[in-house]
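The values are calculated or read from the model by the stated rules, or taken from the named source; none is laboratory data. Every value quoted in this text rests on a predicted model; they were computed, and no experiment measured them. Neighbour counts run over all protein chains shown; Cβ positions are idealised from the backbone, glycine included.
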Amino acid sequence: MKYGYFPGCSLKGTGRAYEESLLPVMQHLGIEMRELDDWSCCGATAYMAVDEGKACALAARNLAIAEQEGHAQLMAPCSACYLVLNKTQHYMAEYGAMKRLVDKALGSVNLRVTRPTPVRHPLDVLLNDVGLEAVKQKVTHPLKGLKVAPYYGCQIVRPYSTFDDQADPQTMDRLLESLGATVVDWPLKTKCCGGSLTGTLPKAGLRLAYILLKEARKRGADVIATVCPLCQFNLDGYHDKIAARWEPVRIPTVYFSQLMGLAFGLPAGRLGLQRGFVPMKPLAAVTAA
Amino acid sequence: MAKQEQEVRIGFYVCHCGTNIAAMVDCPEVAQFVGTLPGVVLSKDYKYMCSDPGQELIQQDIREHRLNRVVVASCSPLLHEPTFRSATEKGGLNQFYFHMVNIREHDSWVHTDRAEATSKAKALAQAAVHRVAHHKPLETKRVSINPTTLVVGAGIAGIHAAMTIANSGKKVILVEREPTIGGHMAKFDKTFPTLDCAACILTPKMSDVGSHENIQVLSYSEVTKVDGFVGNYTVTVKRKPRYIDEEACIGCQDCIPACVFKQPKFADEFNEGLGKRRPVYIPFPQATPQIVAIDPNTCLNFKKGEDGGRVVSDKCKKTCVEACGDKNAIDFTQVERIEEYEVGSVIVATGFQTFDARRAPAYGYGRFPNVYTSLEIERLVNASGPTGGHVVMRDGKSEPRSVGIIHCVGSRDKKTNVWCSRVCCMYSMKLAHLLKEHTGAEIYNFYIDVRTPGKGYEEFYNKLLDEGVHFIRGRVGEVTDWAMTPDEEGKLVIRVEDTLAGYVRRIPVDMVVLATGLEPQQDAQDVRRMFNMSCGSEGFFLERHPKLAPVNTFNDGIYIAGACQGPKDIPDTVAQAGAAAAEVLALIDKGFVEQEPNTAFILEDECSGCKSCIPLCPYTAILFDEGKGRAYINEALCKGCGTCVGSCPSGSIVQNLFDDEEIFSEIEGVLAYE
Amino acid sequence: MFEIQRTIKYEADRVPGFGREVMGVPGCEKLKDCIQCGTCSGVCPLSIYMDYTPRQVMALTREDFKREVLGSHTIWLCASCYACAVECPREIRITDIMYELKQRAIHEGVYPRRFPIPVLAQEFTKMVHDHGRVSEGLLVTKLFLKTNPLAALGMAKLGMGLMKTGRFSVKQENIKRRAELAKIVETVDQENLKGKA
């Protein structure tokens, strides 16, 4: 199985632990990921707020590169990238004017999008291409006794749910169970983490992160598993501020890929685990066992 | 053939239909154009052709101008073809010398460019003028009406229709698929807005139906096949085995407590699963017929058969049979029976199903135990319900101290059902009243719009306001079980925008009631096909005309009543059932129907005897004369579908009203217009 | 003493055609179907901080109250979680309408001054234009210097933490073909101008 790989800016910056864990895990499962050459920022939510046409054209540049490099499918692990690339395809398919604008802009630099390259999330790939059986076979250190709150966040199920249920997504639940972990019933799994508002308007943004953490802890979770660099940052980075404003709700938040790496017995040092703010004690206990 | 050579003298009329047609089609221009066509003797436009003066005009012109063909360009033939045919006949012509052009539904109503719409009207008119020249005089034939009526579905609609017809002395066969008649209404506690008890008004009617000499009740049965046509239908009914001899059972119910299951153990359908029943049961005390049923899925005397169905295991001690004693009414060997009935007309009153609340996941039905559907609450407040009318939550103990009733669940929503279910506002208020009466709880109604268009309904709304029930205008975003404040701990929290106060609110409650909407039955499409009816896009059965023929369908002799036609409350349902019964009685009283002479016939000289048409006929109307080696059509059975005409390799089958000359000239006419 | 303010709206307060213009934009068509049920506000995690609820923004937009909408905090509080768009019973893409309104507010320069969210959007966009990629550390630093230098101090601890865990860098990431990117942006601008002409 081969995929083009669109890391996006966060996976090279604040979310580098995601890339550091995802790449070895995928390799361990025999999946080849080739990073797009000279990819550019997807535009995220900020760009759409400034100019929709440019946002689509810039996102489409990456789709054109993927096509040029001959990738049948493109993997986008970051939720924002995943959504923006998908949304661009939807807009181009739905609105003739948008397609003409994007075609014209790409044409000016001899790039072209001639077909929709499927944009896939790692969870989608793991569940539907690799299969849970194959994942289970690689588990050498089952995460027995580890209680995980699976956090999907907004943008991989909304607004385009292509591979999971919009109201009650299950793919990560199943994946975590196949690693031997116990999934905690946590109804906030698709609630907003605050997005960029945690930084720009902490009073509003941090409250959302606080509610997620508080409920996860209340429901007995040892750790929150996430699929998005911004979600991870918001749930992991602001514990001091949250404690000052409300109450301390320290609970670690890790990428699902880090948990996979641990279950596969990959060296913890190679999974970016040292990059979290909240120490991941429960994990240490598991791996020691 | 001599008649064909006679000079064709066509009168053409284009109708304005007020502004329905005239606003989009230049009617005088159409009349002027058609006046120039060969064979057209006169061409007029008129405001309302269907009015008395309009019809008079046709009759007068036929006499004064010796017209022998008439064409009217107006609305759909479905609406006024009989009107104009009759005017033509009154003018002294055979009614089939008339032809109608639809320039309303097919033209003015569906176009926005006046010039184009006018051109289209001209082209269609020219086609009709070409065609009508080839029309031939035909005679209609009369078919007698079988005076027995089939009523499908024995909810309040079916019950009322059956009683009305039976009281006039006519026979009725009433088919119900559940073990008892009564439908949804039998489950209700009180009815709005009068708050009279549903059982008090329904159950006497049920037992009247059960004992009526003119009504044969076929409970636990389903119609599986319908053949024939208006006045003469043959209906096939599947009688499902209830493992009880209906003649022998006297309704003593001694078998029920005798069952080997000492305690009721299985979810009770009649109580929406809130109560339990044994494998041998009667749905509720006043069930009609008063006959028990045995559920093979839970009865120990059955096991899984090889085909996945249930077969007798004979493993049970059969204490029920013992209790039944000499009556010998329990019969484990019973199998499905197929019966046929001859009827003249049918009333379809198959009702509705409620929206599955699990399809609205944001409200937590099935996830949070104390989220209920409205039908569950009907049973919970009912004195004969699973708790004897004591409103307790699923723990079986605690009474709710606060209740949120969410309106429009599954209704007015493009993701589920787009329509307003019409009854939920009123029944929500009824349940609000009853819950307050039973528990004294704080009640919050969450609504998008309060809709109370019925006699005494707005007054009922006022009464609820007086009682101190809260009305919050806002569609609930979600129901959750996580708390933000201490008073929210352990409660269900409703998050909603109070759109009138202008605030987003979180309201903790003990119990949530989902006012689920009404939707077509799961198998509505099968029923539709079986009775050859039409459906709207949402799946409810389509009336022939919403104002002029509200209980008729497009299939003559088949009528609809109640919520199978669209969501409606009990008063409207009963009114419609009465209307359907009146239509049936009018048909029976007239005694016959005139049939359109659009049947096919075979030109004996040209038939090659290939027999290819015979298996194609859906009505088995084509027979083969072995002596002559030719096929022939039984006109009484032919429905005029035209299948044989199109398939005949030698082109030797002709259909009245649709012969080659008529069709080709019509096509030439429309193509000749530039 | 309390101050009173008139809240009545006159026809002159409207900008006729504004609503229709917004509804003409791809993704915003269904605004005309809104029945003001409030589901959007009910599910919006940030509606509790908004000056107008999302439902009110829909009504104000449809009724041409351009100044009120473009000057509102609401459009900037939208975190693009799409909960409203998914739950709306009329299938209105509320999030996309919010994007459209943000674009118009930036274009007309009417967003609330010193409000960090539109500034972030613009700084983000500028960085993408110039370099092709976003360097988060640099972006955030710029944002705080522009909007609220004092708040930057409060963030210092977070920044240190990030540096310690190797996730903070003020080094600017660059793509190779920056000219290509510039050309794409330029072409879109040209097309937009043509469209307006």
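Tabulated values for the structure
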| read-out | value |
| --- | --- |
| In the range A:105-119, residue surrounded by the fewest Cβ atoms within 10 Å (Cβ to Cβ) [restricted to those that are within 14 Å of chain C (Cβ to nearest Cβ) and more than 14 Å from residue A:68 (Cβ to Cβ)] | A:108 |
| Close pairs from the range C:91-110: first surrounded by fewer than 18 Cβ atoms within 10 Å (Cβ to Cβ), partner assigned to a helix (DSSP H, G or I) and among the basic types (Lys, Arg), Cβ under 8 Å, at least 6 apart | C:91/C:30; C:110/C:67 |
| Residue within the range A:139-148 that is within 27 Å of residue A:253 (Cβ to Cβ), at pLDDT below 95 and within 14 Å of chain B (Cβ to nearest Cβ) present | no |
| Among (1) more than 10 Å from chain C (Cβ to nearest Cβ); (2) among the small types (Gly, Ala, Ser); (3) crowded, with 24+ Cβ neighbours inside 10 Å - the single one residue A:80 does not satisfy | (1) |
| Any hit, the range B:274-286, residues being free of Cβ contacts under 8 Å to residues at least 40 places away in the same chain, more than 23 Å from residue B:328 (Cα to Cα) and among the small types (Gly, Ala, Ser) | no |
| Boolean, residue A:26 is in contact (Cβ under 8 Å) with a residue 40 or more places away in the chain, of a type in the set (A, V, I, L, M, F, W, C), more than 11 Å from chain C (Cβ to nearest Cβ) and in contact with a Pro (Cβ under 9 Å, 6 or more places away or on another chain) | yes |
| Output for the range C:16-28, where each listed residue is at pLDDT 95 or above and within 10 Å of another protein chain (Cβ to nearest Cβ) | none |
| Test: residue in the range C:33-41 that is in a helix (DSSP H, G or I), more than 7 Å from every other protein chain (Cβ to nearest Cβ) and either in contact (Cβ under 8 Å) with a residue 40 or more places away in the chain or surrounded by 24 or more Cβ atoms within 10 Å (Cβ to Cβ) (or both) | yes |
| Residues that are more than 7 Å from every other protein chain (Cβ to nearest Cβ), surrounded by fewer than 18 Cβ atoms within 10 Å (Cβ to Cβ) and not in a helix (DSSP H, G or I), drawn from the range C:137-168 | C:148 |
| Residue in the range A:3-22 that is of a type in the set (A, V, I, L, M), assigned to a loop (DSSP other than H, G, I, E, B) and buried (at least 23 other Cβ atoms within 10 Å of the Cβ) present | no |
| Matching helices (runs of 4 or more DSSP H) fully within the range A:30-117 where at least 1 residues are farther than 20 Å from residue A:153 by Cβ | A:52-68, A:79-94, A:96-107 |
| Residue within the range B:81-91 that is of a type in the set (D, E, K, R) and farther than 30 Å from residue B:585 by Cα present | no |
| Listing of strands (runs of 3 or more DSSP E) fully contained in the range B:53-169 that carry 2 or more residues being crowded, with 21+ Cβ neighbours inside 10 Å | B:69-74, B:98-102, B:149-152 |
| Hits in the range B:439-449 (condition: surrounded by 17 or more Cβ atoms within 10 Å (Cβ to Cβ) and out of contact with any Phe, Trp or Tyr (no Cβ under 6 Å at 6 or more places or on another chain)) | B:439, B:441, B:442, B:443, B:444, B:446, B:447, B:448 |
| Answer residue from the range B:481-538, given it is in a strand (DSSP E or B) and without any contact (Cβ under 8 Å) to a residue 24 or more places away in the chain and is nearest to the chain's Cα centre (by Cα) among those | B:535 |
| Any hit, the range A:23-33, residues being closer than 23 Å to residue C:189 by Cβ and either in contact with a Phe, Trp or Tyr (Cβ under 6 Å, 6 or more places away or on another chain) or in the same structural domain as residue A:98 (by TED's automatic domain parsing) (or both) | no |
| Residues of the range B:190-244 satisfying the condition of being in a helix (DSSP H, G or I) and of a type in the set (Gly, Ala, Ser) | B:198, B:199, B:207, B:210, B:211 |
| Residue in the range A:202-221 that is without any contact (Cβ under 8 Å) to a residue 60 or more places away in the chain, assigned to a helix (DSSP H, G or I), within 14 Å of chain C (Cβ to nearest Cβ) and within 18 Å of the chain's Cα centre (by Cα) present | yes |
| Residue B:353, sole failed condition from (1) polar (S, T, N, Q); (2) in a loop (DSSP other than H, G, I, E, B); (3) surrounded by fewer than 24 Cβ atoms within 10 Å (Cβ to Cβ) | (2) |
| Unmet requirement for residue A:56, which otherwise passes all of (1) away from chain C (no Cβ under 11 Å); (2) closer than 22 Å to residue C:124 by Cα | (1) |
| Filtered residues of the range C:116-136 (kept if part of a helix (DSSP H, G or I) and among the hydrophobic types (A, V, I, L, M, F, W, C)) | C:117, C:119, C:120, C:121, C:124, C:127, C:128 |
| Unmet requirement for residue A:262, which otherwise passes all of (1) closer than 22 Å to residue C:43 by Cβ; (2) away from every other protein chain (no Cβ under 12 Å) | (1) |
| Residue in the range A:149-169 that is surrounded by the most Cβ atoms within 10 Å (Cβ to Cβ), counting only those that are out of contact with any Phe, Trp or Tyr (no Cβ under 9 Å at 6 or more places or on another chain) and more than 21 Å from residue C:43 (Cα to Cα) | A:163 |
| The range C:111-128, residues that are at pLDDT 90 or above and surrounded by fewer than 19 Cβ atoms within 10 Å (Cβ to Cβ) | C:126 |
| Residue C:174, sole failed condition from (1) farther than 24 Å from residue A:36 by Cα; (2) more than 7 Å from every other protein chain (Cβ to nearest Cβ) | (1) |
| Complete set of residues in the range B:607-620 that are more than 12 Å from residue B:652 (Cα to Cα) and surrounded by 21 or more Cβ atoms within 10 Å (Cβ to Cβ) | B:617 |
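Residue-by-condition table, conditions (1) assigned to a helix (DSSP H, G or I); (2) more than 9 Å from chain A (Cβ to nearest Cβ); (3) among the basic types (Lys, Arg):
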site: C:51; (1), (2), (3): no, yes, no
site: C:55; (1), (2), (3): yes, yes, yes
site: C:58; (1), (2), (3): yes, yes, no
site: C:64; (1), (2), (3): no, yes, no
site: C:68; (1), (2), (3): yes, yes, no
site: C:72; (1), (2), (3): no, yes, no
site: C:81; (1), (2), (3): no, no, no
site: C:86; (1), (2), (3): yes, no, no
site: C:89; (1), (2), (3): no, yes, no
